[in-house]
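Asker: This is the structure, below, for whatever I ask next.
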Amino acid sequence: MDNNTIKNVFKEYIHPLNMKAIQKKIDQAQVDKYVKKFDSLTFVKLFIYAQLKNLSSLGRISEKVKRKKTVQKAVGIESISKSQLSRKLRDIPPDIFQEIMHHLIQKLHQEIGPHKADKALGKIHLIDSSTISMCLSQYRWADFRETKAGVKIHTSIIFSDGISYPNEVIITPARPADSTQLDALIVLDKDALHVFDRGYFDFDKFDSYCADGIRFVTRIKSNTIVHVIEELPVDTDSDIIRYAIVKIGKMRHPLYLVETLDSEGNKISIVCNDAKRSAKEISDLYRSRWQIELFFKWCKQHLVLKKCYGKSANAVFNQIYIAMITFCLTLLMKSKVGFQGTLWEMFNWIGDFWTKSLPELLKKLFEKPKRSSKGRRRLDHEHIFMETLAQYESRETSHLDDLTYDPIF
């Protein structure tokens, strides 16, 4: 294959973005009506690069464009000032990036969902929010408490067989209660089972979910009134201390109540409206809620989220959506190349090899271990690398969507 036709890792990385659809949305919003140099597609590429390289200020982004020929070639501009970056970040409507994120989420459903479905538990949707704190004097529009501002990232993630990826992300100022966004995060899918904590406690919503066949697991508050309908037998060998059919508060529909102990010996009371789940499964489902905390932790540690590029609502919301887009692109890349390491390792490899060709990255990802033994792991890596590289080199142009092997995590 001619070297001139080989796309580098960064181009392969952003390949899942539907540039034509993005351009159509930009044209409808007339964001680039009078723009000659720094259009919105260039903006998208540049700020995804900034996430990959952990560039935490507009000054650093501007300096990278000015000094790095590789960056200029990748994004299509030779220089850009902080003020230009700030204006663009402020002027683009956040719904454009939200739509890009939704497009990538659909690709994740197609790439990961069918391969990692949990037949025993079905589709588990974990729901929670995470707050990014900010200075009140500089972010008045996001007032949260007397001395603090902030935004909330209301999120639903799909968790299956150890893999977590977002299903919906809604960004709001931090003051509104979590429960105000619960309906928007609920999926109208009979196979989905929703898990959320006490921040979403609402008797009326629970009754409506029961009536509509929406399954959920949640923890009740300590002062919740519980009306016992029937006590159920408990397996003495399990960590379940109580299992019963109950009604809580003013609810019309019955629920299953499971009481168990956490790692510190504190009692946890969990309710579920799925009659097919055992007490142990209900307990395990609620424990799986911790995975969304790990998702938030990963994003805040490895993506540019805690330090804001701009002070307007549009700037903050756009930055968060671009961070979520970067997360989705990284997971898609990991799936496509069949990398068996962690997502953080994949993220680092992409950042290190972003100007290299994909075969160079694949060769490094599946490099043979430096040991004499030809163990099973070595053979697996060799097979994956050779198969992936053969498919890549057999194409006239490099399009990752044409790869046909099953992803391995």
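The values are calculated or read from the model by the stated rules, or taken from the named source; none is laboratory data. What you see is a predicted model; the values in this text were computed from it and never measured. Note that each Cβ is placed from the backbone with ideal geometry, even for glycine, and that neighbours are counted across all protein chains shown. Only protein heavy atoms, including side chains, enter the accessible area calculation; ligands, DNA and RNA are left aside. Shrake-Rupley method; radii C 1.70, N 1.55, O 1.52, S 1.80 Å.
Asker: Residues being farther than 20 Å from residue 241 by Cα and open to solvent by less than 10 Å² (accessible area, probe 1.4 Å): count how many of those fall in segment 278-294.
Answerer: Total satisfying the criteria: 1.
Asker: Six or more apart or on different chains, Cβ atoms under 6 Å: show the pairs whose first residue is in segment 55-72 and basic (Lys, Arg) and whose second is loosely packed, with under 15 Cβ neighbours inside 10 Å.
Answerer: Listed pairs, sorted by first residue: 66/79.
Asker: Quick one: how many residues across segment 73-103 are part of a helix (DSSP H, G or I), over 16 Å from residue 23 (Cα atoms), in contact (Cβ under 8 Å) with a residue 12 or more places away in the chain and not polar (S, T, N, Q)?
Answerer: At the first step, the residues of segment 73-103 found to be part of a helix (DSSP H, G or I) are 73-75, 82-91, 94-103.
With the extra rule that they be over 16 Å from residue 23 (Cα atoms), the set shrinks to 73-74, 82-87, 89-90.
If we keep only those that are in contact (Cβ under 8 Å) with a residue 12 or more places away in the chain too, we end up with 74, 82, 84-86, 89-90.
Pick out the ones that are also not polar (S, T, N, Q) and you get 74, 82, 85, 89-90.
Total satisfying the criteria: 5.
Asker: Here's a check for you: in segment 249-264, which residue that is free of Cβ contacts under 8 Å to residues at least 40 places away in the same chain, of a type outside the set (Asp, Glu) and touching a strand residue (DSSP E or B) at 6+ places or on another chain (Cβ under 9 Å) is surrounded by the most Cβ atoms within 10 Å (Cβ to Cβ)? If you could, list the steps in order and put the result at the bottom.
Answerer: Initially, segment 249-264 is screened for residues free of Cβ contacts under 8 Å to residues at least 40 places away in the same chain, giving 254, 256-264.
With the extra rule that they be of a type outside the set (Asp, Glu), the set shrinks to 254, 256-258, 260-261, 263.
Retained after the next criterion (residues that are touching a strand residue (DSSP E or B) at 6+ places or on another chain (Cβ under 9 Å)): 254, 256-258, 260-261.
On the way: 254: 18, 256: 20, 257: 24, 258: 27, 260: 22, 261: 13.
Of everything passing the filter in segment 249-264, 258 is surrounded by the most Cβ atoms within 10 Å (Cβ to Cβ).
Asker: Related question: Considering each of 27, 39 in turn, give the residue that is among the charged types (D, E, K, R), closer than 25 Å to residue 99 by Cα and touching an Asp or Glu at 6+ places or on another chain (Cβ under 8 Å). I'd like the intermediate steps shown before the answer.
Answerer: Working: 27 fails: touching an Asp or Glu at 6+ places or on another chain (Cβ under 8 Å).
Result: 39 is the single residue among 27, 39 that is among the charged types (D, E, K, R), closer than 25 Å to residue 99 by Cα and touching an Asp or Glu at 6+ places or on another chain (Cβ under 8 Å).
Asker: Just checking: which of the helices (runs of 4 or more DSSP H) contained wholly in segment 3-60 hold 2 or more residues that are open to solvent by 70 Å² or more (accessible area, probe 1.4 Å)? Break it down stepwise before answering.
Answerer: On the way: elements: 9-13, 19-29, 40-52.
Output list reads 19-29.
Asker: Next question, about the same structure. Any residue at all in segment 79-97 that's of a type outside the set (Lys, Arg), in contact with a strand residue (DSSP E or B) (Cβ under 9 Å, 6 or more places away or on another chain), under 30 Å from residue 34 (Cα atoms) and open to solvent by less than 60 Å² (accessible area, probe 1.4 Å)?
Answerer: Of the residues in segment 79-97, the ones of a type outside the set (Lys, Arg) are 79-81, 83-86, 89, 91-97.
Narrowing further to those that are in contact with a strand residue (DSSP E or B) (Cβ under 9 Å, 6 or more places away or on another chain): 94.
If we keep only those that are under 30 Å from residue 34 (Cα atoms) as well, we get 94.
Then keep just the ones that are open to solvent by less than 60 Å² (accessible area, probe 1.4 Å); that gives 94.
For segment 79-97, residues of a type outside the set (Lys, Arg), in contact with a strand residue (DSSP E or B) (Cβ under 9 Å, 6 or more places away or on another chain), under 30 Å from residue 34 (Cα atoms) and open to solvent by less than 60 Å² (accessible area, probe 1.4 Å): present.
Asker: Examine segment 122-141 for a residue that is outside any loop (DSSP other than H, G, I, E, B), surrounded by 14 or more Cβ atoms within 10 Å (Cβ to Cβ) and among the aromatic types (Phe, Trp, Tyr), and state whether such a residue exists.
Answerer: Taking every residue of segment 122-141 in turn, none turns out to be outside any loop (DSSP other than H, G, I, E, B), surrounded by 14 or more Cβ atoms within 10 Å (Cβ to Cβ) and among the aromatic types (Phe, Trp, Tyr).
Asker: Enumerate the strands (runs of 3 or more DSSP E) found wholly within segment 143-212, keeping only those where 3 or more residues are of a type in the set (Gly, Ala, Ser) and in contact (Cβ under 8 Å) with a residue 24 or more places away in the chain. Reasoning before the result, please.
Answerer: Working: elements: 143-145, 148-160, 163-173, 192-196.
Of the strands (runs of 3 or more DSSP E) lying wholly inside segment 143-212, those with at least 3 residues that are of a type in the set (Gly, Ala, Ser) and in contact (Cβ under 8 Å) with a residue 24 or more places away in the chain span 148-160.
Asker: Before we move on, is residue 180 open to solvent by 50 Å² or more (accessible area, probe 1.4 Å) and either touching a strand residue (DSSP E or B) at 6+ places or on another chain (Cβ under 6 Å) or polar (S, T, N, Q) (or both)?
Answerer: Details: open to solvent by 50 Å² or more (accessible area, probe 1.4 Å): yes; either touching a strand residue (DSSP E or B) at 6+ places or on another chain (Cβ under 6 Å) or polar (S, T, N, Q) (or both): yes.
In short, yes.
Asker: Now for a separate question. Please go through segment 265-276 and give me each residue that is in contact (Cβ under 8 Å) with a residue 24 or more places away in the chain and either closer than 21 Å to residue 190 by Cβ or open to solvent by 30 Å² or more (accessible area, probe 1.4 Å) (or both), ordered by number. Break it down stepwise before answering.
Answerer: In the first step, residues of segment 265-276 are kept if they are in contact (Cβ under 8 Å) with a residue 24 or more places away in the chain; the result is 267-274.
Result: 267, 271, 272, 273, 274.
Asker: Considering only residues that are open to solvent by 50 Å² or more (accessible area, probe 1.4 Å) and either in contact (Cβ under 8 Å) with a residue 24 or more places away in the chain or in contact with a strand residue (DSSP E or B) (Cβ under 8 Å, 6 or more places away or on another chain) (or both), which ones fall in segment 295-306?
Answerer: Looking only at segment 295-306, we keep the residues that are open to solvent by 50 Å² or more (accessible area, probe 1.4 Å), and these are 297, 300-301, 306.
Scanning segment 295-306 gives 300, 306.
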